[in-house]
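Written below as structure tokens is the structure these notes are about.
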Amino acid sequence: MSVRALKPLKETQTRILDAAEELFMQHGFEGASMRMLTAMAGVNLAAVNYHFGSKDALIEAVFRRRLDPMNAERLAALERLEQEAQGKALAPDAIIRAFVGASLRMIEDTRGGGRTFSRLLGRAYTEPAKSIRQLIGQMYAPAMERFKAAFVRALPELPKDELVWRMHFMFGTLAYTLAATDTVQLIAGAKPEDRYDVRVLENRLAAFMSAGLLAPLTGALQVRIAA
């Protein structure tokens with residue numbers, strides 16, 4: 001097939017993915033019907049089946065289109081930091097920023113659909129769709145292992161099971177931030193112009209996550225881990 005012939009196929013595929021992304025964000029994975037999708041994308045059901053085969057395959061394609069490049073960007077940022085450190089352990093704050101930066105930059109992407117996807121990703125963590133959460137977990141797994149290893153080196157005194165819990169809380173904080181980019185305006189004193197200032201948001205998020213990651217072990221938790 002010629003390059004000229006492939007172009008319309010690629011454009012159709014992109015329209016379907018864009019429409020699916022928007023509809024899944026607005027109506028959820030169950031609420032968005034194939035009829036709604038074909039109407040928004042301007043295609044027929046046969047075109048959707050040709051490009052993706054099933055709704056489940058379409059959902060996976062929607063996430064892979066964004067998550068695969070995002071995780072690659074995260075890993076590249078972490079590798080650059082490790083090369084610059086020349087064998088030394090990284091500062092926890094630097095590791096956090098390497099992880100959250102790629103996600104937060106999606107919020108700025110209004111033309112390419114990044115902001116829509118960021119809210120869709122947050123919705124995927126809160127809706128009771130176990131298969132989708134498992135799919136996202138599989139996509140994140142290689143990056144999460146690399147970042148966990150970096151945190152283990154940075155925080156050798158922190159028990160590994162406690163690190164896993166703190167990374168879980170960090171991940172949840174990021175997911176909520178992506179899903180609820182509008183709700184900050186409901187907080188008393190928040191400036192509306194700060195809602196999508198990624199630099200300000202990254203600084204605040206990194207400071208909050210660092211404090212949680214570095215929090216001392218106290219009380220019953222300290223006793224249980226020591227035992």
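Here are the numbers for the structure shown:
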quantity: Distance (nanometres) between label positions extended 7 Å along Cα→Cβ at Lys10 and Asn203; calculated: 4.0
quantity: Region 81-134 - Debye-derived log10 I(q)/I(0), Cα point model, q = 0.16, 0.17 Å⁻¹; calculated: -0.68, -0.72
quantity: ³J(HN,Hα) computed for each position of region 78-94 - Karplus, 6.51 cos²θ - 1.76 cosθ + 1.60, integer Hz, glycine/proline x; calculated: 5, 5, 4, 5, 5, 5, 5, 6, 6, x, 7, 5, 7, 6, x, 4, 5
quantity: Rounded to whole Hz, the Karplus (6.51, -1.76, 1.60) HN-Hα couplings of region 197-210, x for glycine and proline; calculated: 7, 5, 5, 5, 4, 5, 4, 5, 5, 5, 5, 5, 5, 4
quantity: Distance cut-off 17 Å, percentage of C-alpha pairs in region 6-111 lying past it; calculated: 61
quantity: Magnitude of the charge dipole, region 28-132, Cβ model with Lys/Arg +1 and Asp/Glu -1, debye to 20; calculated: 260
quantity: Electrostatic dipole magnitude of region 45-86 [Cβ: Lys, Arg +1; Asp, Glu -1; Cα centre; debye, to 20]; calculated: 260
quantity: Under 30 Å from the Cα of Lys10 - lysines, other chains or at least 8 residues apart; calculated: Lys55
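Quick note: the coordinates plus some simple rules give every number you see, no bench work behind them. Small disclaimer: the values here were computed from a predicted structure and weren't measured. Note that we place each Cβ from the backbone using ideal geometry, even for glycine, and neighbour counts take in every protein chain shown.
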